[in-house]
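Quick notes on the structure that follows.
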Amino acid sequence: MDYRLEPVSIEDGDQIIDIFNYYVENSFAAYPESKVPDEFFGSYLNLTQGYPFLVAKNMGGKVLGFGSLRPYSLLSTFSGAAEITNFISPEHTGIGIGQQILDSLLDQAKRMGIVTVLASISSLNQASLAFHKKNGFVECGRFVGIGRKMGKGFDVIWMQRMV
């Protein structure tokens, strides 16, 4: 499949929210219990301001996935740490899009002077845990039983990779 990575634009918002909301409703990959409104995209843009936010698009302009970095903390003490997010539309997983987004984000993080990238992952999201482990992330913390969604409790696992 032909696709390209490019910086996010405001026009990508609806498609990004659609992908995110799929995971909200059907998995433990996104933490909200119910769909987020389209306005959530603006808040997300604010969170990622000054950090890379990429979309993968097919040649027709359809968003196939997205990924971003954002500050771990607003305190300058933690300016070398960023949190990563990566979501691929369900019909396009397993073909390398997530890997390409991750590789690009890690490369950009390194160029920005970020030394560690963190990922917050539900213990019930085995695919994401395996993906991050395969890509050099290690578990660095676990908040036991703090999440509850779709009637199931879960841990929040923090994974870390030095860049």
task = Restricting attention to the range 109-134, report how many residues are crowded, with 16+ Cβ neighbours inside 10 Å and over 16 Å from residue 72 (Cα atoms).
result = 8
request  = Looking only at the range 121-143, decide whether some residue is among the aromatic types (Phe, Trp, Tyr), under 16 Å from the mean Cα position of the chain (by Cα) and under 19 Å from residue 7 (Cβ atoms).
outcome  = no
message = Can you confirm whether residue 75 is in contact with a strand residue (DSSP E or B) (Cβ under 8 Å, 6 or more places away or on another chain) and of a type outside the set (S, T, N, Q)?
response = no
ask   = Does the range 58-80 contain at least one residue that is touching a residue at least 40 places away in the same chain (Cβ under 8 Å), within 16 Å of residue 110 (Cα to Cα) and in a strand (DSSP E or B)?
value = yes
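FYI, it's all coordinate maths here, none of it is from the lab. Here the structure is a predicted model, which means the values were calculated and not measured. All Cβ positions, glycine included, derive from the backbone under ideal geometry; neighbour counts span all protein chains shown.
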